[in-house]
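The values are calculated or read from the model by the stated rules, or taken from the named source; none is laboratory data. This structure is a prediction, so every number in the text was calculated from the model and none was measured. Cβ atoms come from the backbone with ideal geometry, glycine included; neighbour counts cover every protein chain shown. The area values use the complete protein model at the heavy-atom level, side chains included, leaving out ligands, DNA and RNA. Shrake-Rupley method; radii C 1.70, N 1.55, O 1.52, S 1.80 Å.
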Amino acid sequence: MDPSTVIAFAVACVVISVVPGPDMMFIVANGIARGRLAGVVSAIGMSTGIAVHTVAAALGLGALLQAAPVALEAVRIVGAVFLVYLAVTTLRSAKDVAATAPQRFGNRSLRRTYVMAVLTNLANPKVILFYVAFLPQFLTVGGWATPVQFLVMGAILIVTGLTVDASVGLAAGALSALLLRRPAIQRWLNRVSAAIFGGLAVRLVAER
């Protein structure tokens, strides 16, 4: 691969990762609602989703989905349903902060957070289109095999994104931890998290 092209792609990854988007909002919402560990787990879940997208792009599945608009619509609807589910469950937990606070760092809760982060990322058709339309611009003609180049670029995106997202998750969780002893504020933070999830669902349904 052309070194200058790889550097340009890495810079683009930094810009993409720093600019707030649905994935970052998801991580912030989980960090606020469930603490620092949940924020980091959400970031890891998002990166896992990116890893799956990378392998799929290397296998050519992204182009296949792009050629089948019905499949992309189905993915978009599934993603919206996941986000609505998260909004409802988070809003319910806001009604009883005292009861839910001790479970914030439970293994089951963290596994659930991780799985939902992965599924939310996988169900975002924009990520698929990102791999179909954006990454090919950085392919080196006559270089390594295209699947290998996709894997390399995916690895760069994962490392960059995980670094930024984990930092954001820690910051959101730190804010939550500071206010944990104030149930009234914690309830409002959970409501804010629910609003973020709900807003992301509406955005996913409304945007084309």
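Tabulated data for the structure shown
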{"item": "Protection-proxy order for peptides 167-173, 31-37, each taking the mean of Cβ atoms within 10 Å per residue, highest first", "result": "31-37, 167-173"}
{"item": "Per-pair calculated FRET efficiency, R0 = 22 Å: Thr140 and Glu73 via Cβ, rounded to 0.05", "result": "0.05"}
{"item": "Accessible-area value, Ile128, 1.4 Å probe, nucleic acids and ligands omitted, Å²", "result": "10 Å²"}
{"item": "Added length on full extension, which subtracts the Cα-Cα distance from 0.36 nm per residue, Ser167 to Val19", "result": "51.9 nm"}
